[in-house]
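Colleague: If you scroll down you'll find the structure; I have some questions about it.
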């Protein structure tokens, strides 16, 4: 019995769409990360970027559980002394709601050279309008994701 190794030329990419208003951030992000990395496909090969494109709409309406709205903090550092910027989830939702989903998915992808290529295939939009209608995306069904 031979094992299958996918080659980059053999990759077939699909398009998926997710409405973030219906789902909890963590559960939705894991399913998106699986689609971006290609883990659900039978042709999955770890060293080949064989994932699909994912479109997320209504990023501002994503739900979180527990007290994360007030306690979750996003940190970034410029590299200079005492230049640490901390932004709570509540503020981040007002300023940049698409970054909340982007950062959650980024943390669930592998930490290697393929991760930036996978993240380029993630399209996150505030509101229900997106510009990829021509690709005919399928609706991504997430089990147990609704609150």
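Colleague: With each label point set 7 Å from Cα along the Cα-Cβ vector, what nm distance links residue 143 and residue 43?
Modeller: 2.5
Colleague: In degrees, nearest 10, range 0 to 90: what is the angle between the Cα axis of helix 25-37 and the longest Cα principal axis of the chain?
Modeller: Taking Cα atoms only, the helix is inclined about 30 degrees.
Colleague: For a quick protection proxy, order the peptides 79-85, 114-120 by their average other-Cβ count within 10 Å, most packed first.
Modeller: Highest mean packing first, the order is 114-120, 79-85.
Colleague: Now for a separate question. For residue 126 and residue 12, what does the FRET efficiency come to when R0 = 41 Å and r is the distance between their Cβ atoms, rounded to the nearest 0.05?
Modeller: Computed FRET efficiency for residue 126 and residue 12 comes out at 0.85.
Colleague: For a quick protection proxy, order the peptides 94-100, 106-112 by their average other-Cβ count within 10 Å, most packed first.
Modeller: Order by mean packing, descending: 94-100, 106-112.
Colleague: Right, another one. Between residue 108 and residue 21, what length comes free when the chain is fully extended (0.36 nm per residue of separation minus the Cα-Cα distance, one decimal in nm)?
Modeller: Additional length available on full extension: 29.3 nm.
Colleague: Now for a different question. As an exercise, use a Förster radius of 41 Å and the Cβ-Cβ distance of residue 136 and residue 94 to find the FRET efficiency, rounded to the nearest 0.05.
Modeller: 0.80
Colleague: Per residue of the chain, what 222 nm ellipticity follows from adding -39500 (n - 2.57) for every DSSP H run with n ≥ 4, rounded to the nearest 500?
Modeller: For the chain, the value works out to -7500 deg cm²/dmol.
Colleague: To the nearest 10 degrees, how steep is helix 97-108 against the longest Cα principal axis of the chain, on a 0 to 90 scale?
Modeller: 50
Colleague: Based on the mean of other beta carbon atoms within 10 Å per residue, what is the order of 37-48, 2-13, most packed first?
Modeller: Descending mean neighbour count gives 37-48, 2-13.
A short reminder: the numbers here are calculations on the coordinates, not readings from a lab. Given the structure is predicted, the values throughout are model-derived calculations rather than measurements. Neighbour counts are summed over all protein chains in view; Cβ atoms, including those assigned to glycine, are modelled from backbone coordinates with ideal geometry.
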